[in-house]
Amino acid sequence: AQKITQTQPGMFVQEKEAVTLDCTYDTSDPSYGLFWYKQPSSGEMIFLIYQGSYDQQNATEGRYSLNFQKARKSANLVISASQLGDSAMYFCAMIPGRDSSYKLIFGSGTRLLVRP
Amino acid sequence: NAGVTQTPKFRVLKTGQSMTLLCAQDMNHEYMYWYRQDPGMGLRLIHYSVGEGTTAKGEVPDGYNVSRLKKQNFLLGLESAAPSQTSVYFCASSYLADNEQFFGPGTRLTVL
């Protein structure tokens with residue numbers, strides 16, 4: 001079964017500290033893409049970072065990095081130097097395989113609250 | 001460059017009424033998608049399109065129809081709304097199938 005699991009429904013982090021949001025995935029396809037999206041309280045979905053299954057290096061985008069451990073099927077999001085504006089829901093998602101229905105499979109999300 | 005836009009932003013329907021949600025993108029993307037988001041859950045794919053004139057079913061297609069008559073527009077229709085269709089609906093588009101998807105602001109639909 002193709003599935004994304006986010007086991008942390010909610011997390012707190014102190015401003016300026018780093019935080020890791022967990023994501024594990026399940027697919028039998030050798031080729032897949034992993035994504036993280038941010039959903040602030042205003043509701044829009046904002047793309048953060050992408051990791052391809054064949055990428056040798058972990059993806060980074062500014063303060064966001066993806067800790068990709070292929071053997072463990074995990075794709076954790078690391079946010080460095082947290083800011084108050086990082087408070088939001090974070091969704092891990094996957095597009096499994098090149099011949100799939102192109103759908104993004106989403107996890108249930110992690111709500112992050114950054115404390116001042 | 002507006003990205004992905006959705007109309008309307010909010011709508012309240014009575015059971016049995018019909019409506020159409022409009023999604024438009026100005027990025028010349030081939031792929032477009034309709035998702036629904038329910039409380040405590042991630043997004044689930046309703047229908048998608050891989051190009052003008054094509055549509056396909058996603059994970060939860062029942063009760064919805066779609067059309068892609070123009071490349072930039074993707075319409076989602078509810079022929080006979082049911083309370084179970086109360087949700088937030090997101091449209092998205094992407095350049096390639098495995099690229100990041102860009103989302104619209106969402107439509108909050110309530111069916112009484």
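The values are calculated or read from the model by the stated rules, or taken from the named source; none is laboratory data. Since this is a predicted model, take the numbers as computed values, not measurements. Don't worry about glycine lacking a Cβ; one is built from the backbone with ideal geometry, like all the others, and counts go over all protein chains shown. Surface areas here come from the heavy atoms of the whole protein model, side chains and all, with no ligands, DNA or RNA. Shrake-Rupley method; radii C 1.70, N 1.55, O 1.52, S 1.80 Å.
Here are some notes:
- Residues (touching a residue at least 24 places away in the same chain (Cβ under 8 Å), within 15 Å of B:Leu43 (Cα to Cα) and either in contact with a Cys (Cβ under 7 Å, 6 or more places away or on another chain) or open to solvent by 50 Å² or more (accessible area, probe 1.4 Å) (or both)) located in segment B:87-102: B:Cys91, B:Phe102
- Segment A:14-63: number of residues that are of a type in the set (D, E, K, R) and either without any contact (Cβ under 8 Å) to a residue 12 or more places away in the chain or not in a loop (DSSP other than H, G, I, E, B) (or both): 4
- With respect to the conditions (1) within 12 Å of the chain's Cα centre (by Cα); (2) away from chain B (no Cβ under 11 Å); (3) under 18 Å from A:Gln8 (Cβ atoms); (4) open to solvent by 10 Å² or more (accessible area, probe 1.4 Å), A:Phe106 lacks only one, and its number is (2).
- Within the set A:Gly62, A:Gly85, the sole residue that is closer than 26 Å to B:Pro105 by Cβ, out of contact with any Lys or Arg (no Cβ under 6 Å at 6 or more places or on another chain) and open to solvent by less than 70 Å² (accessible area, probe 1.4 Å) turns out to be A:Gly85.
- Within this structure, B:Ser18 fails the test of being crowded, with 19+ Cβ neighbours inside 10 Å and small (Gly, Ala, Ser).
- Condition met for A:Tyr32 (within 11 Å of chain B (Cβ to nearest Cβ), touching a Ser or Thr at 6+ places or on another chain (Cβ under 6 Å) and modelled with pLDDT of 95 or more): no
- Filtered residues of segment A:65-82 (kept if under 12 Å from A:Gln51 (Cα atoms) and either among the small types (Gly, Ala, Ser) or open to solvent by less than 50 Å² (accessible area, probe 1.4 Å) (or both)): A:Ser65, A:Leu66, A:Phe68, A:Ser74, A:Ala75, A:Asn76, A:Leu77
- Residue within segment B:61-84 that is within 12 Å of another protein chain (Cβ to nearest Cβ) and surrounded by fewer than 17 Cβ atoms within 10 Å (Cβ to Cβ) present: yes
- Qualifying positions in segment B:95-112 - polar (S, T, N, Q), in a strand (DSSP E or B) and either under 10 Å from the mean Cα position of the chain (by Cα) or within 8 Å of chain A (Cβ to nearest Cβ) (or both): B:Thr107
- Of the residues screened, A:Met94 is not one that is open to solvent by 30 Å² or more (accessible area, probe 1.4 Å), within 28 Å of B:Tyr89 (Cβ to Cβ) and hydrophobic (A, V, I, L, M, F, W, C).
- A count restricted to segment A:40-59 and to residues that are farther than 30 Å from B:Arg108 by Cβ and within 14 Å of chain B (Cβ to nearest Cβ) stands at 6.
- Boolean, A:Tyr50 is within 14 Å of the chain's Cα centre (by Cα) and under 17 Å from B:Asp98 (Cβ atoms): yes
- Residues in segment A:1-13 that are assigned to a loop (DSSP other than H, G, I, E, B) and loosely packed, with under 14 Cβ neighbours inside 10 Å: 3 in all.
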